[in-house]
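Input: a single structure, listed below in structure tokens.
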Amino acid sequence: MKYESLILDIDGTLWDSRALVAQGYNLQLTAEGLSRYFVDAERLKPLFGKVMTEIADAMFPDLPEDSRYALMERCMERENQFLHENECAIGYPGVAEALSCLAERHRLFIVSNSQCGYPELCIGKLGLDKYITGHLCFGDTGTDKGTTIRILMEKYAISSAAYVGDTEGDREAAEKAGIDFLWAAYGFGTATKYAGKLDAPVDLIRLEKEGWL
């Protein structure tokens, strides 16, 4: 076994929530009379994976910094509420199957640049509770993803791990954390280099059976 643990991204790796997140944001923007900031799934694609402040900078660039970050907080709270109320049948095919297989020999974790509550929503909606040992996000740590990965590894005494994500930002985070990167090529972005490439979540099962993980 090469890795004691695997750490997973959420958006573009476990599910594609862009359309639902956009609806949640837009509900809040409508309530505040700010429809000029409406977004859709395509607009959110390059923003997913960034921390809250970076998303706010891109979505509300003409607002004062304090106002834009406060608005982003409210949009994310509404997003969490909307996702909680929605069925969220948006997981990539084979995710639960792949994690079920991996969990037999590895501890599995999640690290995301999301707000608090988002990892729990994803885990619950996709039925992953019995496979995920722990999780951390930007809302918990207020730090970049690479640092959050290291905090998680120290918290759970992880001796060796790889990070599974879909963007160059995820690759950079894994590099900063000092661990290998597995690129989910089916997700939202690209990566300049990686230790392994996944064309679908079930590719993790193949790598596990081959003893690569």
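Structure notes:
- Of the candidates ALA70, ALA98, the single residue that is of a type outside the set (S, T, N, Q) and closer than 30 Å to ILE158 by Cα is ALA98.
One line per residue, one yes/no per condition, for (1) more than 30 Å from LYS130 (Cβ to Cβ); (2) out of contact with any helix residue (DSSP H, G or I) (no Cβ under 6 Å at 6 or more places or on another chain):
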| residue | (1), (2) |
| --- | --- |
| GLY12 | no, yes |
| PHE38 | yes, no |
| PHE48 | no, yes |
| GLU65 | yes, yes |
| PRO93 | no, yes |
| HIS106 | no, yes |
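- Within the stretch 11-70, being within 23 Å of GLU85 (Cβ to Cβ), among the aliphatic types (A, V, I, L, M), outside any helix (DSSP H, G or I) and over 22 Å from the mean Cα position of the chain (by Cα) holds for one residue alone: LEU34.
- Exactly one residue out of LYS155, LYS145 is over 21 Å from ALA96 (Cβ atoms), open to solvent by less than 40 Å² (accessible area, probe 1.4 Å) and modelled with pLDDT of 95 or more, and it is LYS145.
- Any chance TYR131 is modelled with pLDDT of 95 or more, aromatic (Phe, Trp, Tyr), touching a helix residue (DSSP H, G or I) at 6+ places or on another chain (Cβ under 6 Å) and open to solvent by 10 Å² or more (accessible area, probe 1.4 Å): yes
- Qualifying residue in the stretch 162-176 (condition: touching a Cys at 6+ places or on another chain (Cβ under 8 Å), crowded, with 17+ Cβ neighbours inside 10 Å, in a strand (DSSP E or B) and touching a residue at least 24 places away in the same chain (Cβ under 8 Å)): no
- Of the helices (runs of 4 or more DSSP H) lying entirely inside the stretch 74-157, those containing at least 2 residues that are over 16 Å from the mean Cα position of the chain (by Cα) are 95-102, 145-155.
- The set of residues in the stretch 84-120 that are surrounded by 20 or more Cβ atoms within 10 Å (Cβ to Cβ) and over 17 Å from LEU6 (Cβ atoms) comprises ASN113, SER114, GLN115, TYR118.
- Yes/no for ILE90 being at pLDDT 95 or above and in contact with a Ser or Thr (Cβ under 6 Å, 6 or more places away or on another chain): yes
- Residue ID - surrounded by the most Cβ atoms within 10 Å (Cβ to Cβ), chosen from residues in the stretch 6-37 that are among the acidic types (Asp, Glu) and in contact with a Lys or Arg (Cβ under 8 Å, 6 or more places away or on another chain): ASP11
- Filter result (in contact (Cβ under 8 Å) with a residue 40 or more places away in the chain and not aromatic (Phe, Trp, Tyr)) within the stretch 108-126: LEU108, ILE110, VAL111, SER112, ASN113, SER114, GLN115, PRO119, LEU121, CYS122, LYS125, LEU126
The values are calculated or read from the model by the stated rules, or taken from the named source; none is laboratory data. This is a predicted model, so every value here is computed, not measured. When we count neighbours, we look across all protein chains shown, and the Cβ atoms used for this are built from the backbone with ideal geometry, even at glycine. Heavy atoms of the whole protein, side chains included, go into the accessibility calculation; ligands, DNA and RNA do not. Shrake-Rupley method; radii C 1.70, N 1.55, O 1.52, S 1.80 Å.
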